[in-house]
Protein chains: 2
Amino acid sequence: MAMAAQASIGNSEFDRDTAVVPRGSGVYDTHLSPGWTILHAVNGGYLLGTVGRALGDALPHPDPFTLSGHFVSACTPGPAVIRTQTVRTGRTLSTGQASLYQIDEDGREVERIRVLATYGELDALTDEVRTSATPPAVPPYERCVGPADAPGLDLARTWAILGRLNIRLDPDTVGWALGAPSGKGEVRGWFTLADGRDADPLSLLMTVDCFPPTSFDLGLKGWTPTVELTAHIRCRPAPGPLRVAIATRNLAGGFLEEDAEIWDSRDRLVAQSRQLAKVPR
Amino acid sequence: MAMAAQASIGNSEFDRDTAVVPRGSGVYDTHLSPGWTILHAVNGGYLLGTVGRALGDALPHPDPFTLSGHFVSACTPGPAVIRTQTVRTGRTLSTGQASLYQIDEDGREVERIRVLATYGELDALTDEVRTSATPPAVPPYERCVGPADAPGLDLARTWAILGRLNIRLDPDTVGWALGAPSGKGEVRGWFTLADGRDADPLSLLMTVDCFPPTSFDLGLKGWTPTVELTAHIRCRPAPGPLRVAIATRNLAGGFLEEDAEIWDSRDRLVAQSRQLAKVPR
C-alpha cells in the first residue's frame, strides 16, 4: 500500500471516488469506483458516503445527523444515478430521501440502495458532553496489526478496498485470521484513510462499514450482506487517527446486528451505527 | 388502570387503534387514537406500529425485520392517511416505504413521518442462536414499581398512553421520579399491554418507544423528541411479559441516542432499537 503525498478533505481518493455531478432537480450522476470493492461487491459504506454527499448537496443542511440505508440489490463498479427528494426543511434539521440506480445487463434501471436521512449542521452544536461513555480499549497503534502482518491471509489481493484504508487491529480481535476466532463477535482497531486524508462526516459513513465483519470473529466464513445500516454522526471528527469498535451481540435465525462506534483523537464519540446483516448459509 | 377481560392478538386496544383500511394502490386510512398520547404528543412507537401494519399489508412479507422512521412533524390524534410504496420484492425479503400524512389547520396535507423498512417472515427463520447475549438484570416483577407506587408523580393524568401499558420498573432506575436520577441513563423493567394482549412484531415496534425516556435518568426534564428511530425485530415474541432495557451512552451537543432491547419469556432477544432524539433546551 503506497502512501501517497498527504491528501486533504476535498482533495483525496475518497472525495474523487464519491464525487457527484448535479443534473438539476435533485438528480446526480456518479461513478462507483472499482477501488472500493471486496471481491466483486461494492462496499456499502462507500455507497452511503456517495449517496450522503448527494443529499448534503440537495438539502439546506450539510451534515448527516442520522442516515438509514436499505440495500435492495448488489452494486457493481461503474456509472450510477442518484435521485434525491427533499422531505422536509426545518430551521435546524432537514429530512431527505435518495435512491441510487444503475443500468443492468438488460438495459433497465435498477434500484441499488434507498436512503432516508436527516441532516443538520454539526458546527452549530455545542461541545457539551453530558455522559461518561469511554473509548474502546485499543492497544497503542504500534502494537496493533495490519494486513502486512498476516501475509498468509492475502486479503489485499481480493479486497481492493484495502488499498484505500489503513486499518490496524487489536491483536486480541484477529484470531480469526489465524483460524482461531474468539467467538465474542468483536473487532476493534485504529483507522485512517490510506492517503492520509482526515475524517469528515461523509468518510465516517464509509468507516462504520469498512472493518472486517464481526462474523469472522464469530467463526463464520463467507460474506454477511447488509440488509440495512443506520449511522448517527454525532460530532465533526478532529484530525488524526480514529478508533473503531464493532460488535455483535445477537446472531440468531440467520441474521445478526453489527454495532460500530468511532472515536476521534480528542476522545469524542463521533459516530454510532447499527446494521442488520444476513448470515451466509 | 382497569384490567379488561383478557385481550388477544387481533382483538385488543392496540389492534383496534392501529387498524388501517386499504383504499387500494397501497394507500390506507387510519385514525390515530388519543389513547396513545403523552401530554399532547402522539407516541412515536404507536405511529411506527400503525405504519408498520400498513406496510405488512402492502408488502408480500408480513413481519418488519428492520424499520427506520424519520419523524418530520408532530402528529395529533385524528384521521391520517398512509401511502406505501413497494421498493423491491425478493424471495425472503421485501423493502417498502411509507409516509403518514394529516390535514393541518389550513387544510393542507402535511407529512408526519416517513418510514423505510425491510420485511420478511419471522416464522421462516431457524431457532438457532449463536451468541451469548443475556437478558437485562431486572428484579422479579413483584419488586418492580409502577405508576401507582408513585402517586406524587401523577403521570397517568397527563400521559394517556399509561392507561394502555403495564410497565413496572426496576427500583434502581426510578430515582428520577423521586428527584434523584442516577445519571447513568438507564431505565429497565417489565412490560405487558394493559389489556393482557400478548406481544407480536407490531406491538414490539410500539414497545421500543414507550418507556420513560433515559433523559429522565440523566436528570433532564421536558421532552426529548425523536428525530429517527430504527427497530430490528429479531424473533416472534413468546406469550408472557417482556423485559425492556433502554440506555443512553452519549448525550452530546443537544442530541442523545437511546438504545432499547426487548427480551421475551423464553429469554430470546426479540427486538433491538436505537433512536436519535433532541435534548430539550
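The values are calculated or read from the model by the stated rules, or taken from the named source; none is laboratory data. The model shown is predicted, which means the values in this text are computed figures rather than measured ones. Reconstructed Cβ throughout: ideal geometry from the backbone, glycine too, with neighbour counts over all protein chains shown. Heavy atoms of the whole protein, side chains included, go into the accessibility calculation; ligands, DNA and RNA do not. Shrake-Rupley method; radii C 1.70, N 1.55, O 1.52, S 1.80 Å.
Treat the stretch A:1-51 as a sphere of radius equal to its Kirkwood radius over Cα pairs and apply Stokes-Einstein at 25 °C in a medium of 0.890 mPa s; give the translational diffusion coefficient in µm²/s, rounded to a whole number.
199 µm²/s
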Exercise for the section: Please express the Cα-Cα pair-distance distribution P(r) of the protein assembly as shown as a list of whole percents, one per 20 Å bin, running from 0 to the bin with the greatest distance. Expected result: 22, 58, 20, 1
Problem - Gaussian network model of chain B, springs between alpha carbon atoms under 10 Å - residue of B:L59, B:L202, B:L39 with greatest fluctuation - result: B:L39
Problem - the stretch A:50-107: trypsin sites (Lys or Arg not before Pro) in DSSP coil with no more than 15 other Cβ atoms inside 10 Å - result: A:R91
Fill in the blank from the handout: Using a 1.4 Å probe on heavy atoms of the protein chains only, the accessible area for B:S182 in Å², nearest 10, reads 60 Å²
Exercise for the section: Place a +1 charge on the Cβ of each Lys and Arg in chain B and a -1 charge on the Cβ of each Asp and Glu, then give the dipole magnitude about the Cα centre in debye, rounded to the nearest 20. Expected result: 360 debye
Problem - Of B:S33, B:S73, B:S132, the one that fluctuates the most in a GNM where chain B has Cα springs shorter than 10 Å - result: B:S132
Practice task
Take the Cα atoms of chain B, find their three principal axes, and give me the spread along each one in whole Å, biggest first.
Solution key: 52, 52, 44
Practice task
May I ask for the net charge around B:L202, where only other residues with Cβ less than 10 Å from the Cβ of B:L202 are counted and Lys, Arg are +1 while Asp, Glu are -1?
Solution key: -2
Problem - A:S68 accessible area, 1.4 Å probe, all protein chains in place, Å² to nearest 10 - result: 0 Å²
Practice task
Take every Cα pair under 8 Å in chain B that's 6+ residues apart, average their separations, divide by the length, and report that relative contact order as a whole percent.
Solution key: 19 percent
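Do you know the relative contact order of the stretch A:51-98, to the nearest whole percent, from alpha carbon pairs under 8 angstrom that are 6+ apart?
That works out to 43 percent.
Over the protein assembly as shown, give the accessible area per residue in Å² for a 1.4 Å probe, as an integer.
40 Å²
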Fill in the blank from the handout: Expected field for B:H31, accessible surface area in Å² at 1.4 Å probe radius, rounded to 10, holds 110 Å²
Exercise for the section: Could you state, as a whole-number percent, how many of the C-alpha pairs of the stretch B:186-242 are farther apart than 14 Å? Expected result: 61 percent
Exercise for the section: Enter the Cα centre distance for the pair the stretch A:10-24 and the stretch B:190-264, rounded to the nearest angstrom. Expected result: 39 Å
Fill in the blank from the handout: Largest fluctuation, A:G240, A:G44, A:G253 only, Gaussian network model of chain A with Cα springs under 10 angstrom, belongs to A:G253
Handout entry: Coordinate range along principal axes, alpha carbons of the stretch A:125-255, Å, largest first
Key = 46, 37, 26
Exercise for the section: Using DSSP to define loop residues, name the trypsin sites (Lys or Arg not before Pro) in the stretch B:196-264 whose beta-carbon has at most 15 other beta-carbon atoms within 10 Å. Expected result: B:K221
Handout entry: 10 °C / 1.306 mPa s Stokes-Einstein diffusion coefficient of the stretch B:1-159, Kirkwood radius on C-alpha pairs, µm²/s
Key = 88 µm²/s
Fill in the blank from the handout: Interface residues of the stretch A:43-83, defined as losing at least 10 Å² of accessible area versus the chain alone with a 1.4 Å probe, are A:F65, A:T66, A:S68, A:H70, A:V72
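For the stretch A:100-183, which GluC sites (Glu not before Pro) are in a loop by DSSP, counting at most 13 other Cβ atoms within 10 Å?
Sites meeting the loop and neighbour criteria: A:E105, A:E128.
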Handout entry: A:L220, A:L276, ranked by accessible area, largest first (probe 1.4 Å)
Key = A:L220, A:L276
Practice task
As a check on your grasp of the helix formula, calculate [θ] at 222 nm for the protein assembly as shown: sum -39500 (n - 2.57) over DSSP H runs of n ≥ 4, divide by the residue count, round to the nearest 500.
Solution key: -3000 deg cm²/dmol
